[in-house]
Amino acid sequence: MPDELGPAVTALQRKLDEQLQTVNETKRMINALLKMSGQSELYPESDNERSGIVRNDQFYGKGVATASAEYLAMRKQACQPDEILSALESGGFEFGILGWKEDDRLRSLAISLAKNTGNAGKFHKLPNGAFGLRSWYDDDFLAKASAGSAEVAAKKTRKAKAKARAAKTAKAALTTGRTEAKPSLVKPKAPKKVKDQTIPGSTVQQEEKTA
């Protein structure tokens with residue numbers, strides 16, 4: 001029976017972690033508003049949250065997005081993928097379930113975090129490559145930043161396509177020019193030699209003998 005309930009328990013634990021993460025983020029927002037109004041914080045953080053210390057089993061049994069978000073919340077700042085990876089490894093995260101190879105974990109983590117960005121995502125990728133929680137940043141600013149990034153990417157794509165077309169056109173023109181300038185290799189035919197068709201005993205031969 002315990003083995004049969006294991007997956008259900010794990011799923012509920014992950015859901016609980018996500019709910020707790022949401023609660024912690026809401027508490028921080030309330031504290032920030034109270035601080036702006038000159039009041040004291042209503043929800044003091046724990047020692048672990050202040051120091052950013054990772055427990056040996058802190059991320060064991062959790063999803064990669066949940067664990068990464070929890071670590072970023074502890075650090076209260078955007079972090080590079082290699083730093084997040086190191087924290088997940090220290091916190092007992094089980095990479096074997098994901099099927100990530102040990103020498104490819106950093107790339108896989110960066111891709112996973114990048115896929116969880118955007119309006120419906122949990123993270124936001126900064127220009128310097130670091131990842132932060134999307135809830136930290138202003139929505140209007142993120143929308144402008146996203147539009148700007150999309151425009152830059154579109155310009156790069158258009159530029160690359162134009163460059164490729166120009167190269168293709170130049171190559172075609174060069175090939176055509178070589179074909180037109182190529183000299184003719186047909187050799188003129190040599191004139192045929194005319195054989196002496198003088199008939200033996202003819203009048204011409206008799207005149208030659210007389211002469």
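The values are calculated or read from the model by the stated rules, or taken from the named source; none is laboratory data. Nothing here was measured: the structure is a model prediction, and the numbers come from that model. Here Cβ is always computed from backbone atoms with ideal geometry, including for glycine, and neighbour counts include all displayed protein chains.
Within the stretch 78-107, the residues that satisfy the criterion of being part of a loop (DSSP other than H, G, I, E, B) and more than 24 Å from the chain's Cα centre (by Cα) are GLY91, GLY92, PHE93, GLU94.
Say whether the condition of being touching a residue at least 24 places away in the same chain (Cβ under 8 Å) and surrounded by 10 or more Cβ atoms within 10 Å (Cβ to Cβ) is met by at least one residue in the stretch 151-158. Spell out the reasoning first.
Narrowing the stretch 151-158 to residues touching a residue at least 24 places away in the same chain (Cβ under 8 Å): none.
No, the stretch 151-158 contains no residue that is touching a residue at least 24 places away in the same chain (Cβ under 8 Å) and surrounded by 10 or more Cβ atoms within 10 Å (Cβ to Cβ).
Across the stretch 57-77, what is the number of residues that are touching a helix residue (DSSP H, G or I) at 6+ places or on another chain (Cβ under 7 Å) and at negative phi? So that I can check it myself, show each step before the final result.
Taking the stretch 57-77 first, the residues touching a helix residue (DSSP H, G or I) at 6+ places or on another chain (Cβ under 7 Å) are 59, 61-64, 66-71, 73-74.
Right, trim to at negative phi and you get 59, 62-64, 66-71, 73-74.
Total satisfying the criteria: 12.
Selection of first residues in the stretch 98-120 that are free of Cβ contacts under 8 Å to residues at least 60 places away in the same chain and of second residues that are among the acidic types (Asp, Glu) and outside any loop (DSSP other than H, G, I, E, B), restricted to Cβ pairs under 9 Å at least 6 apart or on distinct chains, gives the following pairs, ordered by first then second residue: ARG105/GLU89; LEU106/ASP82; LEU109/ASP82; ALA110/ASP82; ASN119/ASP139. The helices (runs of 4 or more DSSP H) found wholly in the stretch 1-77 and carrying at least 3 residues that are under 21 Å from GLY91 (Cα atoms), out of contact with any strand residue (DSSP E or B) (no Cβ under 9 Å at 6 or more places or on another chain) and at pLDDT 75 or above occupy 2-36, 64-75. In the stretch 77-97, of all residues being under 22 Å from ASN56 (Cβ atoms) and touching a residue at least 40 places away in the same chain (Cβ under 8 Å), the one that is surrounded by the most Cβ atoms within 10 Å (Cβ to Cβ) corresponds to ILE84.
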